[in-house]
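Peer 1: Quick one: this structure, given as structure tokens, is what I'll be asking you about.
FYI, it's all coordinate maths here, none of it is from the lab. Small disclaimer: the values here were computed from a predicted structure and weren't measured. Note: ideal-geometry Cβ built from the backbone for every residue, glycine included; neighbour counts use all protein chains shown.
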Amino acid sequence: MKLTRRARDHIKSAACIVALFVAWELACVAFRISPIVLPRPTAVISTLIVQMPALWPHILQTLATTMLGFLLGTLIGVALGAFVGVSRSAYNTAYPLLVGFSSIPKVAVVPIFVLWFGSGTVPAVLTAMTTCIFPIVVNVATGLATTEPEMEDVLKALGASRRQVLWNVSLPRAMPYFFASLKVAVTLAFVGTVLSETVAANRGIGTVMMMATASFDVPLVFAGLFALALLGILLYVVFAGIEQRVCGWATRKQDLAVA
């Protein structure tokens with residue numbers, strides 16, 4: 001039976017994950033670790049399955065909030081990235097400001113959003129949005145700004161306008177950078193959403209985790225973490241698939257069959 005290299009990589013990754021959970025389970029049993037300190041993975045998975053009917057509305061709330069913030073962040077990030085990438089003066093002016101803004105811990109801006117808009121969904125959406133803007137701006141600007149000067153010179157010598165160079169060369173070159181940033185940004189958006197939910201929300205996985213922490217229900221806290229991890233992996237895989245479809249020409253083929 002022939003397996004592709006990608007299939008073999010997936011099998012190895014799955015085996016490593018299973019081995020990690022087995023080691024976790026054995027460590028909890030061997031060292032008699034209290035469930036309040038570190039619950040067994042079997043207990044966490046059992047809690048996740050049993051509590052799924054109650055968790056599902058909160059999962060959907062977190063997912064919807066994250067995707068809305070991610071969509072807004074993508075639109076703003078692409079606009080800023082295009083503005084910064086096509087203009088050297090804009091790059092020199094805006095980039096230090098973007099770096100400074102991205103260096104501010106997002107937990108510090110959540111109280112400001114709550115002060116402006118009150119507790120609820122809006123601060124979570126804004127936190128997710130601000131968390132995912134920076135990687136999109138950086139990657140889009142980098143993709144647009146790193147077009148080879150020689151290629152631009154050749155196209156201009158052939159009579160191409162700057163708009164034609166941007167449309168036919170710079171934008172296609174920026175697409176791999178853009179989709180790579182989306183995979184990072186969507187996971188960061190989850191971080192921003194849950195961060196805000198733990199501070200100022202009445203629905204969402206972050207809220208459930210805070211309530212579980214207050215009642216010392218540690219397996220439920222870890223079940224929330226598992227749910228977040230699964231959502232993050234799912235969205236990462238979705239955007240990786242879109243990237244492969246749109247920008248497959250920019251990556252090396254890894255689907256060669258091997259014995």
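Peer 1: Looking at the square roots a ≥ b ≥ c of the eigenvalues of the Cα gyration tensor of the range 65-109, which shape do they give, rounded for a/c under 1.5, prolate if a/b is larger than b/c, or oblate?
Peer 2: oblate
Peer 1: Gaussian network model of the chain, Cα springs within a sub-10 Å range: biggest mean-square fluctuation belongs to which of 37, 122, 109?
Peer 2: 37
Peer 1: Out of residues 5 or more away from residue 201 or on other chains, whose amide H comes under 5 Å of its own, with H placed 1.01 Å from N in the peptide plane?
Peer 2: HN-HN under 5 Å from residue 201: 120.
Peer 1: Oh, and also: What is the fewest-to-most order of 132, 16 by other Cβ atoms lying within 10 Å of their Cβ? Intermediate values should be presented prior to the final figure.
Peer 2: Details: 132 30, 16 9.
If I rank by nearby Cβ atoms, fewest first, I get 16, 132.
Peer 1: Further question: Based on other C-beta atoms within 10 Å, arrange 130, 65 from fewest to most. Spell out each step's value before the answer.
Peer 2: Details: 130 23, 65 30.
The most exposed by this proxy come first: 130, 65.
Peer 1: Would you mind checking the tilt of helix 121-145 against the longest principal axis of the Cα atoms of the chain, expressed as 0 to 90 degrees and rounded to 10?
Peer 2: Computed tilt is about 40 degrees.
Peer 1: Another question about this same structure. What is the ratio of the Cα radius of gyration of the range 1-147 to 2.2 N^0.38 Å, with N the residue count, to two decimals?
Peer 2: Normalised Rg, Cα atoms only: 1.50.
Peer 1: Charges on Cβ only, +1 for Lys and Arg, -1 for Asp and Glu, centred on the Cα centroid of the chain; of 202, 177, 192, which one is farthest towards the dipole's positive end?
Peer 2: Ranked along the dipole, the leading option is 177.
Peer 1: Projecting each Cα onto the charge dipole of the chain (Lys/Arg +1, Asp/Glu -1 at the beta carbon, about the Cα centre), which of 139, 15, 49 comes out farthest on the positive side?
Peer 2: Sorting the options by dipole projection puts first 15.
Peer 1: Answer with one residue from 159, 60, 129: the one whose Cα lies farthest towards the positive end of the charge dipole of the chain, charges on Cβ with Lys, Arg +1 and Asp, Glu -1.
Peer 2: The Cα lying farthest towards the positive end belongs to 159.
Peer 1: A further question on this structure: Which one, 47, 207, 127, has the greatest fluctuation when you compute a Gaussian network model over the chain with C-alpha springs under 10 angstrom?
Peer 2: Highest fluctuation among the options: 47.
Peer 1: Roughly speaking, what is the centre-to-centre gap between the range 36-64 and the range 92-126 when only Cα atoms are used, to the nearest Å?
Peer 2: Between the Cα centres of the range 36-64 and the range 92-126 lies a distance of 29 Å.
Peer 1: Size of the dipole of the chain about the Cα centre, Lys and Arg at +1 and Asp and Glu at -1 on the beta carbon, nothing else charged, in debye to 20?
Peer 2: In total the dipole reaches around 500 debye.
Peer 1: What FRET efficiency do you get for residue 119 and residue 4 if R0 is 35 Å and r is their Cβ-Cβ distance, rounded to the nearest 0.05?
Peer 2: 0.10
Peer 1: So what is the calculated 222 nm ellipticity per residue for the chain, using -39500 (n - 2.57) for each DSSP H run with n of 4 or more, over all residues, to the nearest 500 deg cm²/dmol?
Peer 2: -26500 deg cm²/dmol
Peer 1: For residue 99 and residue 229 in the same chain, what is the full-extension length gain: residue separation times 0.36 nm, less their Cα-Cα distance, in nm?
Peer 2: Roughly 44.0 nm would be gained on extension.
Peer 1: Have a look at 70, 178, 226 and tell me which one the Gaussian network model of the chain (Cα, springs below 10 Å) gives the largest fluctuation.
Peer 2: Taking springs between Cα atoms under 10 Å, the residue moving most is 226.
Peer 1: Residue 33's amide H: which non-local residues (gap 5+, or another chain) put their own amide H closer than 5 Å, with H modeled 1.01 Å from N in plane and none for Pro or chain starts?
Peer 2: Correct list: empty.
Peer 1: Please compute the modelled spin-label separation between residue 60 and residue 79, points set 7 Å along Cα→Cβ, answer in nm with one decimal.
Peer 2: Distance between label points: 3.1 nm.
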